[in-house]
Amino acid sequence: MMRARQDGDDDVQRDVFFVTAGGFDTHADVGTTLRAKFKEVNDALESFVAETKVLELWDKVTVIEASEFGRTLSPNGGDG
């Protein structure tokens, strides 16, 4: 998509790419799970950064990370 944008439509002012990742909600083996999940995110970002640098687009990129866990004020009764 980035390559097509570079070769194609000059009328486009900005592109938006987004990803979602699950599996962070864990109540056991937290350290191992989070190390694996953070590596997954880091590897993906490294690839994205490398490709945008090859395409000479990195200086025009903004990366935004957001997280929403969905907690409520009422306890779920599971002590978790």
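The values are calculated or read from the model by the stated rules, or taken from the named source; none is laboratory data. If you're wondering where the values come from, they're calculated on a predicted model, not measured in any experiment. Positions of Cβ are generated from backbone atoms using ideal geometry, with glycine treated the same way; all protein chains shown enter the neighbour counts. What goes into the accessible areas is simple: the full protein's heavy atoms, side chains included, and nothing from ligands, DNA or RNA. Shrake-Rupley method; radii C 1.70, N 1.55, O 1.52, S 1.80 Å.
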Estimated FRET transfer efficiency (T32, T62; beta-carbon r; R0 25 Å; 0.05): 0.20
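Using 1/(1 + (r/R0)^6) with R0 = 22 angstrom and r between the beta carbons of N42 and R14, what's the FRET efficiency to the nearest 0.05? Spell out each step's value before the answer.
Details: r = 25 Å, r/R0 = 1.14.
That gives a FRET efficiency of 0.30.
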Sparse-neighbour loop sites [chymotrypsin sites (Phe, Trp or Tyr not before Pro); the range 13-47; at most 11 other C-beta within 10 Å; DSSP]: F17, F18
Accessible surface of T20 - all protein chains present, 1.4 Å probe, nearest 10 Å²: 130 Å²
Karplus-derived HN-Hα couplings along the range 29-46 (A = 6.51, B = -1.76, C = 1.60, θ = phi - 60°), whole Hz, x at Gly and Pro: 6, 4, x, 5, 4, 5, 4, 5, 5, 5, 5, 4, 5, 4, 4, 5, 5, 4
